[in-house]
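To start, the structure itself, in structure tokens.
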Amino acid sequence: MKCVFRASILAAVLVSLGAAELSSNDRSVIKDMTRGELYLRNNVPTRYRSGGFGIGAEVVTEVSPSGVEWEKNLQTAHEQQLKKSKKRFSGGVDTVFWGFGPNDVIRYGKLYFKGNGVVELWAEGVKPKNVDVWIRFVNIQNREDFKKAFDLILGPKPIQEDHPEWPQEIRKAIADHTVIEGMTKAQAFAVVGTPMRAATNDEAGKKVEIWFPRQDTGTWGDNRKVISASTGFPAELRFVDGKLAVINQTAKPVKVNVD
């Protein structure tokens with residue numbers, strides 16, 4: 001009886017592992033989806049650190065069919081950086097670059113099928129961000145799962161071209177990586193991506209949401225090649241009843257509810 005029970009468990013495990021493997025047809029479809037130039041739909045932070053073969057890029061951004069996540073890998077990087085800083089010899093590069101965001105272009109995509117629902121995409125940005133970028137897709141059991149995750153982070157054309165119904169001035173502002181008053185949150189997101197933080201409040205019966213966009217990209221590289229710059233985004237975006245009403249270039253102290 002014990003042997004039969006163990007055999008049943010082993011069979012279940014093998015079935016589970018087999019189900020996690022993408023079919024050759026699914027892989028082919030996924031490869032077609034990632035060919036050519038692709039446009040980002042969100043921020044894609046990437047970690048860069050020096051090693052035996054120079055500076056290498058590592059995955060921070062993970063995308064599932066239900067969402068985009070990077071906090072777990074950022075926390076791991078932070079803990080490793082703290083440990084490294086306590087060592088006597090702790091030189092070298094170890095940084096997270098936030099320079100890739102909505103509507104940035106990546107190309108030369110190469111896929112790595114890791115099994116167990118994991119697919120990793122390596123690509124390269126265009127000048128001046130012509131550095132490596134990695135995206136890890138997780139919980140991918142078939143091409144439909146990949147398509148759902150893909151649509152959250154990538155697209156075959158600029159964001160504004162997916163929305164011909166948006167006003168022309170809004171579409172032009174997004175193409176220029178600029179926010180303007182009157183934008184919805186989705187339209188502003190197409191420019192600034194995920195804000196560093198956000199807060200909500202009620203003012204005179206109106207719902208107010210305040211975004212604090214990222215102000216700098218962080219750094220990639222070493223003394224031979226460094227990318228570090230301001231994002232150029234306003235410090236504060238104030239939405240009133242879902243529309244961008246106030247654009248502050250410098251953040252002001254505000255009292256808000258953050259529940």
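Hey, could you check the stretch 134-145 for residues that are surrounded by fewer than 23 Cβ atoms within 10 Å (Cβ to Cβ) and not polar (S, T, N, Q) and say which is nearest to residue 99 (Cα to Cα)? Full working, then the answer.
Narrowing the stretch 134-145 to residues surrounded by fewer than 23 Cβ atoms within 10 Å (Cβ to Cβ): 134, 136, 138-139, 141-145.
Those left that are additionally not polar (S, T, N, Q): 134, 136, 138, 143-145.
Numbers: 134: 13, 136: 17, 138: 23, 143: 29, 144: 29, 145: 27 Å.
Applying the filter and picking the extreme gives 134.
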Problem - Matching entry among 50, 16, 90 (being assigned to a strand (DSSP E or B), modelled with pLDDT under 95 and either open to solvent by less than 80 Å² (accessible area, probe 1.4 Å) or in contact with a strand residue (DSSP E or B) (Cβ under 6 Å, 6 or more places away or on another chain) (or both)) - result: 50
Exercise for the section: Considering each residue of the stretch 53-76, count those that are at pLDDT below 90 and either exposed (fewer than 15 other Cβ atoms within 10 Å of the Cβ) or in a strand (DSSP E or B) (or both), and give that number. Expected result: 6
Completion exercise
Over the stretch 103-124, the set of residues more than 24 Å from residue 161 (Cα to Cα) and of a type in the set (D, E, K, R) is 110, 114, 120
Handout entry: residue 100, sole failed condition from (1) within 18 Å of the chain's Cα centre (by Cα); (2) touching a residue at least 60 places away in the same chain (Cβ under 8 Å); (3) open to solvent by 30 Å² or more (accessible area, probe 1.4 Å)
Key = (3)
Problem - Hey, residue 229 more than 17 Å from the chain's Cα centre (by Cα), loosely packed, with under 15 Cβ neighbours inside 10 Å and not in a loop (DSSP other than H, G, I, E, B) or not - result: yes
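Mind listing whichever residues of the stretch 164-185 are touching a residue at least 60 places away in the same chain (Cβ under 8 Å), in contact with a helix residue (DSSP H, G or I) (Cβ under 8 Å, 6 or more places away or on another chain) and in a loop (DSSP other than H, G, I, E, B)? Please lay out each step first, then the result.
To start, the set of residues in the stretch 164-185 that are touching a residue at least 60 places away in the same chain (Cβ under 8 Å) comprises 174-175, 177, 179-184.
Narrowing the set further to residues that are in contact with a helix residue (DSSP H, G or I) (Cβ under 8 Å, 6 or more places away or on another chain) leaves 174-175, 177, 179-180, 182-183.
Hits for the stretch 164-185 are 177, 179, 180, 182, 183.
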Practice task
Would you please list the contacts, defined by Cβ atoms under 9 Å and residues six or more apart or on different chains, that run from a residue in the stretch 186-209 that is in a loop (DSSP other than H, G, I, E, B) to a residue that is at pLDDT 95 or above and among the charged types (D, E, K, R)?
Solution key: 193/41
Exercise for the section: Would you confirm whether any residue within the stretch 118-133 is surrounded by 15 or more Cβ atoms within 10 Å (Cβ to Cβ) and part of a helix (DSSP H, G or I)? Expected result: no
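The values are calculated or read from the model by the stated rules, or taken from the named source; none is laboratory data. Given the structure is predicted, the values throughout are model-derived calculations rather than measurements. Note that we place each Cβ from the backbone using ideal geometry, even for glycine, and neighbour counts take in every protein chain shown. These accessible areas exclude ligands, DNA and RNA; they are computed on the full protein's heavy atoms, side chains included. Shrake-Rupley method; radii C 1.70, N 1.55, O 1.52, S 1.80 Å.
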